[in-house]
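What follows is a short report on a single structure.
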Amino acid sequence: MQTGRTQAIFAHSRMDVIPVLAGMAHLAFVWYLVISFHRHPLWLNLLFGCMYAVSISWNINAVSHNFIHNPYFTQTWMNKAFSLIESLAIGFSQTFYHWVHVRHHIGNSDRPDKDGKTIDWLSIYRYGKNGQPEPMLRYVTLSFFRDDLTEVFRSIRRKNKFNAYWGWCELGACLIASSIFLLIDAKAVFFFLPFFYLGHCLSSLNGYYEHLGGNPDVPMAWGVSSYNRLYNWLWFGNGYHAEHHFRPRTHWTQLRRFHEQIAEEQRRMEVHNISTCHALGFLAAANRPRMAT
């Protein structure tokens, strides 16, 4: 329960101060990478580049993801401000990502229909063949280039014109920030650009194993879970992905308890889960189905 001032700020839980501060720290880290680039040796900048790539995937799948399902603040302007912060941190419009992710939950990684189309633009089956998932490396390396911003904009505009144009504002802010970075240190921008792409590839890798082995026809088994405690602690409950798809509005602090409540039913439905974090799903015992525990 929230009381007093925290209730006036946070819409769901005062624990949301953690992902909020994490998102702000991520943006500060991005600025630090550029501003301090010339002071670091090559090996350290390479290490920072790897950290930057991982941080993008972490933010998208943890901070940004939870923000979509349970906006952190009670005030609309505060949520819009944090949406802008997130956009600058991940280098893409949080508002546009929000809608793409809504489509993801409408389709739940569905298989193509008779016309070869999926509701879920992120579905691992969208570009697969014969009803099978797309090969992992192809999905991971190409997903970054598949977003149709015009279609995303039109889809949002049909629901909310302000949000549609706010998404373009967020993309514009990203371009302005990139221009400032170029003025500060162009070498740093071009040095970290491949790591930016790698970060979004890692996010797609995460998404791939969140659904490989899931059952698009069984709501309780739409997602694939990982109950690795360190992963769930660092990724704000992202490991409970089957549970999340079954009840998307469940707050990240309640996912473990929700899993305990439905674990027996999950076993009956043969919900797939893996021992590693999702990004290392390819190492999880050949990704064989395991019963929920």
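If contacts are Cα pairs under 8 angstrom and at least 6 residues apart, what is the relative contact order of region 192-288 in percent? Write down the numbers at each step before the final one.
On the way: 129 pairs, mean separation 31.1, N = 97.
With pairs under 8 Å counted, the relative contact order is 32 percent.
Under a model in which nothing but the beta-carbon of Lys, Arg (+1) and Asp, Glu (-1) is charged, the chain shows a dipole of about 240 debye around its Cα centre. Largest first and in whole Å, the equivalent-ellipsoid semi-axes of region 76-144 read 29, 14, 7, each the square root of five times a Cα gyration tensor eigenvalue.
Packing here is the average count of other Cβ atoms within 10 Å per residue, and on that basis the peptides 254-265, 45-56, highest first, run 45-56, 254-265.
Couplings for region 248-259, taken from phi via the Karplus curve 6.51 cos²θ - 1.76 cosθ + 1.60 with θ = phi - 60°, read x, 8, 5, 5, 4, 6, 10, 5, 5, 5, 5, 4 Hz in order; Gly and Pro are left as x. Modelled this way, with points 7 Å down the Cα-to-C-beta line, the labels at Lys159 and Arg249 are 1.4 nm from one another.
Remark: spin-label model distance Tyr227-Leu175 equals 4.8 nm, labels positioned 7 Å along the Cα→Cβ axis. Based on protein heavy atoms only, the chain ends up with 51 Å² per residue of surface accessible to a 1.4 Å probe. Over the chain, the pair-distance histogram of Cα-Cα distances with 10 Å bins from zero comes to 6, 27, 35, 24, 7, 1 percent, rounded to whole numbers. Considering only protein heavy atoms and a probe of 1.4 Å, how much of the accessible area of the chain is carbon and sulfur, as a whole percent? In the chain, the share of accessible area belonging to carbon and sulfur is 63 percent. Quick note on region 187-241: its Rg to Rh ratio, both from C-alpha atoms and Rh being the Kirkwood radius, is 1.16. Applying 1/(1 + (r/R0)^6) with R0 = 25 Å to the Cβ-Cβ distance of Asn130 and Glu270 gives a FRET efficiency near 0.65. A simple spin-label model places pseudo-atoms 7 Å from Cα toward Cβ; at Ala11 and Val54 they are separated by 3.1 nm. With a Förster radius of 41 Å applied to the beta-carbon distance between Thr150 and Leu182, the computed FRET efficiency rounds to 0.95.
In whole percent, what relative contact order does the chain give with Cα contacts below 8 Å and a gap of six or more residues? List each step's numbers first, then the result.
Numbers: 415 pairs, mean separation 53.2, N = 293.
18 percent.
Residue-wise HN-Hα couplings along region 132-144, as the Karplus relation 6.51 cos²θ - 1.76 cosθ + 1.60 with θ = phi - 60° gives them from phi, are 9, x, 5, x, 4, 4, 5, 4, 5, 7, 9, 4, 4 Hz; Gly and Pro carry x.
The values are calculated or read from the model by the stated rules, or taken from the named source; none is laboratory data. Every value quoted in this text rests on a predicted model; they were computed, and no experiment measured them. As a convention, Cβ positions derive from the backbone with ideal geometry for all residues, glycine included, and neighbour counts pool all protein chains shown. Just the protein is used for accessible areas: all its heavy atoms, side chains included, with ligands, DNA and RNA removed. Shrake-Rupley method; radii C 1.70, N 1.55, O 1.52, S 1.80 Å.
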